[in-house]
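Let me begin by presenting the structure, written as structure tokens, before commenting on it.
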Amino acid sequence: MGFTFSPTSVRQGKSFILTLDHLPSAAELKEIESAATSLLSNPVIETFTIRVEN
Amino acid sequence: MRVGVVTFPGTLDDHDAARAVKYAGGEPVSLWHGDTDLQGVSGVILPGGFSYGDYLRCGAIARFSPIMNAIVPAAENGLPVLGICNGFQVLCESHLLPGALTRNVGLHFLCRDQEIEIVNKDSAWSNDFSTHQKITIPLKNGEGSYQCDDKTLQQLEENSQVIARYVGVNPNGSRNAIAGITNKKGNVVGIMPHPEHAIDSLTGPSADGLAFFTSLVKARV
């Protein structure tokens, strides 16, 4: 198709963007991780990473 | 015998499941997803469809419904529960059964009459079959490929928890051609093809599916 870039890997997947009006505390981050494990992803077939951006 | 049939928003096959219970000689009891009362039923069916629109993942939201909050502990205490298609997905998401159902290997939705072999007739929902009985019932799913890790697969095989396997082709790429499994106690069964659509040869490819329902109803009369 004429593209010349050559990535070493390609990933397609879901992302969930949660917006808070403050940076999450350690406790909140833990709760978000729990939601990611039990609801947002199924660890049997999926993996996830959590990233906090300011 | 009273058998509960759960309706989630997006459930399609609750009426056929209720009809199957009636054909088997039982009394179907409608259970609404927002209720928490199991109304004293002696078994529960989670029918096929697209609970909560299959948002997030198939069965992922249904798992958190009020009725599932009542069904999960009851099932852990031995209440017979049969999950068909989407119901199977709900049982996996609820951790009542191990593994997960993923997109069919060809990525297409499948709809056809499928031959399966009953390989375990000791469960609450398969004891009215004969050993290694081959039956033909409709298969209709987009995410029916049964997946689990090697250790879980080995345990399923060692404990005879595989209830049924696809015969001939493996239509959706399920590990070990698994069409249905049970938990260790044998009271919770998940099956991907649809026995409730095959209870009368007038309206289905066979009447083979009826034995899933008579398995429960006869045993508990």
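For segment B:69-134, the Kirkwood radius over C-alpha pairs fed into Stokes-Einstein at 37 °C and 0.692 mPa s yields D = 234 µm² per second.
Report, in cubic angstrom per residue, the convex hull volume of the C-alpha atoms of segment B:130-197. Each step should come with its number before you reach the end.
Working: hull volume 7.1 nm³, N = 68.
Spelled out: Cα convex hull of segment B:130-197, divided by residues, is 104 Å³.
Rounded to the nearest 20, the size of the Cβ-charge dipole of the protein assembly as shown about its Cα centre is 360 debye, with Lys and Arg at +1 and Asp and Glu at -1.
Dividing the Cα radius of gyration of segment B:1-115 by its Kirkwood radius returns 0.96 for Rg/Rh. Ellipsoid fit via the Cα gyration tensor, chain A: semi-axes of 29, 16, 9 Å, each the root of five times an eigenvalue, largest first. Based on Cα contacts under 8 Å between residues 6+ apart, segment B:1-52 shows a relative contact order of 58 percent. For chain A, the residue among A:PHE3, A:SER34, A:VAL44 whose Cα projects farthest onto the positive side of the dipole built from Cβ charges is A:PHE3.
A compact globular protein would have a Cα radius of gyration near 2.2 N^0.38 Å; the ratio found for chain B is 0.90. Pairs from the list B:LYS22/B:LYS184; B:LYS184/B:LYS218; B:LYS151/B:LYS185; B:LYS22/B:LYS218; B:LYS134/B:LYS218 with a Cα-Cα gap above 24 Å: B:LYS22/B:LYS184. The charge dipole of chain A, taken about its Cα centre with unit charges on the Cβ atoms of Lys, Arg (+1), Asp and Glu (-1) only, comes to about 260 debye. Quote the Stokes-Einstein diffusion coefficient, in whole µm² s⁻¹, for segment B:60-178, based on the Kirkwood radius over alpha carbon pairs, a temperature of 10 °C and a viscosity of 1.306 mPa s. Estimated diffusion coefficient is 105 µm²/s. Candidates B:PRO73, B:PHE109, A:PRO24 compared by Cα position along the dipole of the protein assembly as shown: farthest toward the positive end lies B:PHE109, with charges placed on Cβ. Positive contributions from Lys and Arg (+1) and negative ones from Asp and Glu (-1), summed over other residues with Cβ under 13 Å from the Cβ of B:ILE71, come out at -3. For chain B, modelled as a GNM whose springs connect Cα atoms under 10 angstrom apart, the maximal fluctuation among B:ASN69, B:ASN120, B:ASN86 occurs at B:ASN69.
Using the Cα atoms of the protein assembly as shown to build a convex hull, what is its mean projected area in square nanometres?
Numbers: hull surface 73.4 nm².
In nm², the orientation-averaged hull projection of the protein assembly as shown is 18.4.
FYI, it's all coordinate maths here, none of it is from the lab. Because the structure is predicted, anything quoted here is derived from the model rather than measured. Please note: Cβ atoms are built from the backbone with ideal geometry, for glycine as well, and neighbour counts cover all protein chains shown.
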